[in-house]
Amino acid sequence: MKHYILLCMAVLPLAVFSQNFHADVFAGVATYQGDLQGKRITFDQSHPAVGVGISYDITNKLIARTGFTYGTIAGNDTKNTTAKGIEFRNLHFKSAVSELHLGLEYNLFRLEGKSITPYFFAAIAGFHFNPYTNDSAGAKVFLRPLSTEGQGLTSYPNRKNYNLTQFAVPFGGGIKLRISDNLQLAAEVGIRKTFTDYLDDVSSTYVDYAKLLAAKGTKAVELAYRGDEVAGAPPYPADGAQRGSAKTKDWYYFSGLRLSARLNNKAGRTASGKNKLGCPTKVY
């Protein structure tokens, strides 16, 4: 009996520890803010996003969380109602975004005593993106290799190619509902501050038509400025003419519902008051 009690004393902390883990599933939308989408928080031009993750209850209010989220962001000048004087630019893009994050979440109230609570979170993340567009024939074309603003060209040594894998700072919050002791549902808005201005492949100024044509070919100049697809548009802009704004970096957002399920149902207790290993829930 003594050995049995000692075994239970060793196993029970592991059972309680495992009870604090949750499996998370996210479903919602992805949006972005940048040169082709001026609104900061909006559902305009949003696309589906999904994710999975693991969270751990450090305390009744503080949770550690990690997860992977995948979505698509997009922007189009014809729908960019906040920007002025860019109707002849006629640019548009899409990009898949894959993100892996690690962070902390804080519940304003303990869910053991309430069925609902606001919460906030902050994290660090690594993400991958790769902007593309469809040319006038409908073909999918990735934009980074075209150096549409002279990135990587010897004629523009100060314009370096942007990296497709970068860091971001996710933060945000939402409302969490306790469905049961083992199931929670949250409505969440998550903002991602990035350190790149090229989610949309647009940042600063146009480069010289002839130099871009010689270095990257006709597809590059065709997609750097798409005014020829708009009636009455002026010709390709001069070298140095404004194409975007480098004053602020781009942002992206994941907003939606997150379902969280406890991985170990009350540490595996049975109706007899013992856990699945046969240990009593209390050791006297």
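Some points to look at:
- FRET efficiency, ASP239 to PHE142 (Cβ-Cβ, R0 30 Å, nearest 0.05): 0.80
- Carbon and sulfur %, accessible surface of region 61-167 computed with the full protein complex present, 1.4 Å: 61
- Accessible surface of SER115 - all protein chains present, 1.4 Å probe, nearest 10 Å²: 60
- The order of ARG110, ARG89, ARG262 by accessible area, most exposed first and with a 1.4 Å probe, is ARG110, ARG262, ARG89.
- Globularity index of region 29-81, i.e. its alpha-carbon radius of gyration over 2.2 N^0.38 Å: 1.57
- Spin-label model, ALA246 to ILE175: label points 7 Å out along the Cα-to-beta-carbon direction sit 4.4 nm apart.
- Protection proxy ranking, peptides 31-37, 242-248, 119-125, 227-233, average beta carbon neighbours within 10 Å, highest first: 31-37, 119-125, 242-248, 227-233
- With all protein chains kept in place, the per residue accessible area of region 141-222 amounts to 45 square angstrom at a probe of 1.4 angstrom.
- Annotation: for a label point projected 7 angstrom from Cα along Cα→Cβ of LYS114, residues of region 26-60 with backbone N closer than 18 Å are 59-60.
- Residue-wise HN-Hα couplings along region 166-172, as the Karplus relation 6.51 cos²θ - 1.76 cosθ + 1.60 with θ = phi - 60° gives them from phi, are 9, 9, 9, 10, x, 7, x Hz; Gly and Pro carry x.
- Considering all C-alpha pairs of region 138-254, those separated by over 17 Å amount to 65%.
- In units of the compact-protein estimate 2.2 N^0.38 Å, region 109-175 shows a Cα radius of gyration of 1.92.
The values are calculated or read from the model by the stated rules, or taken from the named source; none is laboratory data. Quantities reported herein were computed from a predicted structural model and do not represent experimental measurements. FYI the Cβ positions are ideal-geometry reconstructions off the backbone, even for glycines, and counts take in every protein chain you see. Protein only, heavy atoms only, side chains kept; ligands, DNA and RNA dropped before computing areas. Shrake-Rupley method; radii C 1.70, N 1.55, O 1.52, S 1.80 Å.
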